[in-house]
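Everything on this sheet refers to the single structure shown next.
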Amino acid sequence: MCGIVGYIGKNNATPFLIDGLRALEYRGYDSAGIYVVSAGTIKRAGKVEELAKSVPEGFSGTAGIAHTRWATHGLPTELNAHPHADESETVWLVHNGIIENYAELRDALSAKGVRFRTETDTEALVALIASKYDAKTPLEEAVRAALAEVRGTYGIVVASVREPEKLVAARFGSPLMLGIGTDGYYIASDATPILKHTREVVYLDDGEMVIVTREGYDVRTREHEPVKKTVETLEWDVEAVQKKGHEHFMLKEIMEVPEVIENSMRGRLVPDEGTANLGGLRDVLPRVKRAKRIIITGCGSAYYAGLVGELLIEELAGIPVEVEIASELRYRRPTMNPEDAVLIAISQSGETLDTLEAIKEAKRHGMLTLGIVNVVGSTIARETDAGVYNHAGPEIGVASTKAFVSQLTVLSLIGLLLGRADSLSATDGSAFVRELAALPEHARTVLSRAAHIEALAKRYASMEDALFLGRKFQSPIAYEGALKLKEISYVHAEGYPAGEMKHGPIALIEPAFPSVVLAPRDSLYEKTKSNIQEIRARSGKVIAVTTDGSEEELAQVADDVIAVPKTHEALLPILTTIPLQLFAYYVAKERGLPIDKPRNLAKSVTVE
Ligand code: AGP
C-alpha cells in the first residue's frame with residue numbers, strides 16, 4: 001500500500017510533497033521519491049527522512065509528484081523507487097496498486113525497442129503512456145489510451161516535462177483524492193497530507209481521471225465523459241484518516257480483510273484450468289512438485305497458519321507435511337533430506353529471527369526454502385530461494401489479523417497448485433477456485449455481523465480464562481483465537497483440539513470459564529457438537545462459531561452462536577478466524593487496553 005502526493009498551484013511544491021510523504025509513512029514504506037517540474041527528481045531507499053535530507057536548497061517548482069513505496073514487484077531499492085519515467089524522461093508517474101499484465105506490456109514495448117531499467121510493474125505503465133504520447137496528443141489522452149490496455153489496480157499521478165502546467169491523476173482500485181486549496185490543488189492517496197492545507201476534497205471513483213492545472217480541475221471518465229463531482233468537507237483529523245475512521249489500527253486491518261483476500265489472490269487464480277498461478281514459485285515448481293515431504297515453519301500466528309497449510313496441502317495434494325515452531329526446528333537434529341523435502345517459512349514481517357535461523361539451518365542442509373512473506377525485500381524474503389508475497393499491505397497493529405488471513409489464502413493457492421500437479425481433477429480444482437473467488441464477499445458478510453460479536457464480547461469481557469476448541473481445519477483456528485485473546489486482552493486463553501478436551505482440559509470447565517467452540521457444518525460437526533454438550537453438562541458457557549443454517553440447531557446447545565457463510569471445508573478457517581479476531585478486539589476494548597501496542601509485545605520479534 002504505497003503513498004502518493006501531488007501538487008500544482010502558486011507555491012513551491014517541494015515542501016508539501018515532502019511533508020505529505022511524512023504524513024503517509026504510517027502506510028508502510030521502504031523507499032521514497034519526488035519529481036518537481038523544472039527541478040528534476042530525487043529518490044532514496046529507506047525512510048522519508050533520507051529523501052528529505054537529500055533535497056537541496058532551491059529544489060523548487062510549482063508542480064510535482066512524490067511517493068512512498070510499499071514494494072510489491074521489485075526490491076525496495078533507489079532504482080525501483082517512484083516516481084518512474086519513460087526512457088526519454090518526458091513522462092513521470094507515481095503509482096499505488098498492482099499492474100497484473102505488466103509482463104505482457106513490457107514484452108510488447110521491448111519488442112518495439114523500449115529499454116527498461118527497473119524490475120517494477122509501474123515502469124511498464126509509464127513506458128506505455130509515453131508510447132502513446134506524441135507531440136499532437138495531450139497528456140490526458142495518452143494516459144487514457146494506456147489505461148485502456150492495463151489490467152490490475154492503480155492510483156496514479158502523471159506529470160510531463162512537455163506540459164508542465166498540468167497533472168493527470170487516475171484511479172482504479174487504489175484510492176485517490178483531490179484537495180481544493182486557495183493556493184493550488186493537492187492530490188493524495190488519502191487525506192492525511194491534504195488536511196493541513198484544505199478540508200475541501202473531491203474523491204475520485206474507479207474509472208475516473210482528473211486533469212488538474214493551476215486554474216482548475218476537470219474530472220472525466222475513461223471514455224472522456226465529464227463527471228460532476230461533489231466537493232466534500234473533511235471532518236476527520238489525521239489519526240482518524242490513518243485508521244480510516246476506526247478507533248484502532250487492529251480494527252481497521254480486520255475490516256480490510258475482504259480487500260486483502262482479493263489482493264492476495266489478484267492475478268493468481270486460473271479458473272479455466274482450476275489451478276493457481278504463483279509467479280514466485282515458477283522456477284522451483286518442478287522441485288516442489290517432486291517433494292516427498294514439506295516442512296512448514298514460523299512463529300506465533302504464522303505457525304498456526306502453517307498448521308492450516310499442513311491440512312490444505314495434505315488434503316489437496318497428498319504430500320506429507322509437518323509443521324514446526326521455528327524456535328524449536330532450528331535446534332533439532334535435522335532429518336531433512338534435501339532431495340525430497342522442501343521448507344516453507346511463513347512470516348508477515350520477514351524479520352523474525354527464529355524463523356530466519358530455521359531457514360538458514362535448512363539451507364545448510366541443502367534444502368529448497370520458500371517464503372510466504374508480506375514485506376517485500378525483507379530479510380526472510382531475500383534469504384529464501386523463492387516464495388509468494390502476501391500483498392496484504394502494511395500491518396500496523398501488533399496482533400496479526402489481515403496478514404494471518406492472507407497467509408491462509410496463499411497457502412490455499414499453494415495447496416491448489418500442488419494438488420493440480422497431483423491427483424486433484426480439473427473439475428475439483430475449478431470448484432475450489434470458485435469457492436476462493438467467493439471468499440471476499442463471504443468475509444464482508446462476516447464483518448457485517450460485527451455488532452453481534454461486539455455485544456457478545458461485552459458480556460464475556462470480565463472472564464479471566466477461556467478455552468478455544470476446534471477439530472481438524474478448525475483446531476489451528478482455536479489456537480490462533482486463543483492467541484489473539486491472550487495478546488491483546490491479557491485473558492488467559494488456551495486453544496485445544498476439541499477431541500483432546502476429555503483428556504484433561506475439561507477439568508477446567510465451570511461457569512466462569514467459557515469456551516469458544518468452532519463448529520462449522522463440516523465433516524466433524526456432529527462430534528464437535530457433542531463436545532459443546534459435554535461442556536454445557538458441566539455448566540460451562542459456550543460461544544459456538546458455525547456456518548449459516550446451523551445457528552438454530554446450535555442455539556439449542558450453546559449459550560451464544562456466531563455464524564459465517566458456508567464454503568469448502570478447507571477454506572472455512574479463513575472465515576471462522578474473523579469472528580475470533582473481532583471477539584478479541586472488542587473484549588480488549590471493553591477492558592480499556594492499548595490494543596494496537598499490547599504490553600510486552602513487538603510487531604516484529606528480531607531477537608531470540
Ligand atoms: C501474532 O498476532 C503475533 N503478533 C505474533 O505471534 C506473530 O505472528 C509472530 O511474532 C510471527 O511474526 P512474523 O509473522 O512477522 O514472523
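Each reported figure results from applying straightforward, stated rules to the coordinates on display, with no laboratory input. Keep in mind it's a predicted model, so treat the numbers as computed, not measured. Please note: Cβ atoms are built from the backbone with ideal geometry, for glycine as well, and neighbour counts cover all protein chains shown.
For Lys53, give me every one of the lysines with a C-alpha distance below 21 angstrom, ignoring sequence neighbours fewer than eight places off in its own chain.
Within the straight-line cut-off, Lys53 pairs with Lys43.
Under 19 Å between alpha carbons, and skipping anything fewer than 8 positions from Lys502 in its own chain: which lysines qualify?
Excluding near neighbours in sequence, the set is Lys472, Lys527, Lys529, Lys541.
If eta is 1.567 mPa s and T is 4 °C, what Stokes-Einstein diffusion coefficient results for segment 257-395, Kirkwood Rh from Cα pairs, in µm²/s?
After rounding, the answer is 86 µm²/s.
Quick check for you: which residues of segment 383-421 have the amide N under 19 Å from the point 7 Å beyond the Cα of Leu285 toward its beta carbon?
Hits in segment 383-421 for Leu285 at 19 Å: 385-390, 410-421.
Helix 572-590 versus the longest principal axis of the chain: what is the Cα-based angle in degrees, 0 to 90, to the nearest 10?
With rounding to tens, the tilt is 90 degrees.
Taking every pair of distinct Cα atoms and averaging 1/r, then inverting, what Kirkwood hydrodynamic radius in Å comes out for segment 346-495?
About 17.9 Å, per the Kirkwood formula over Cα pairs.
Round to a whole angstrom and tell me the spacing of the C-alpha centers of segment 469-518 and segment 421-442.
30
Search the structure for amide H atoms under 5 Å from the amide H of Val516, placed 1.01 Å from N in the peptide plane, and list their residues when 5 or more places away or on another chain.
Here the answer is Leu467, Phe468, Leu469, Ile543, since their amide H atoms fall under 5 Å of that of Val516.
Provide the gained length on full extension for the span Asp272 to Ala507, in nm with one decimal, where the gain is 0.36 nm per separating residue minus the Cα-Cα distance.
79.4 nm
For Glu149 and Asp206 in the same chain, what is the full-extension length gain: residue separation times 0.36 nm, less their Cα-Cα distance, in nm?
19.0 nm is the gain from fully extending Glu149 to Asp206.
Would you mind putting 154-165, 128-139 in packing order, based on average other-beta-carbon counts within 10 Å, highest first?
Highest mean packing first, the order is 154-165, 128-139.
For Gly152, which sequence-distant residues (separation of 5 or more, or a different chain) have an amide H within less than 5 Å of its own amide H, given hydrogens modelled in the peptide plane?
Close amide H contacts, sequence-distant or interchain: Glu100.
Once both axes come from the Cα atoms, what is the angle between helix 13-24 and the longest principal axis of the chain, in degrees from 0 to 90, rounded to 10?
Once rounded, the angle reads 0 degrees.
So the label point goes 7 Å from the Cα of Ala455 along Cα→C-beta, right? Which residues of segment 577-591 then have their backbone N under 18 Å from it?
579-580, 582-584, 586-587, 590
How big is D, in µm² s⁻¹, for segment 528-608 by Stokes-Einstein at 25 °C and 0.890 mPa s if Rh is the Kirkwood radius over C-alpha pairs?
162
Rounded to the nearest 10 degrees, what's the angle between the helix 475-489 long axis and the longest principal axis of the chain, both from Cα atoms, 0 to 90?
Once rounded, one gets 70 degrees.
Give me a comma-separated list of calculated 3J(HN,Hα) values for segment 174-183, in order, Karplus coefficients 6.51, -1.76, 1.60 applied at θ = phi - 60°, integers in Hz, x for any Gly or Pro.
Along segment 174-183, the couplings run 10, x, 8, 9, 10, x, 9, x, 7, 10 Hz.
Under 24 Å from the Cα of Lys228, which lysines turn up, not counting those fewer than eight places away in the same chain?
Reachable lysines: Lys166.
What's the extension gain from Glu100 to Glu232 if we count 0.36 nm per residue and subtract their Cα-Cα distance?
Contour length minus Cα-Cα distance gives 44.3 nm.
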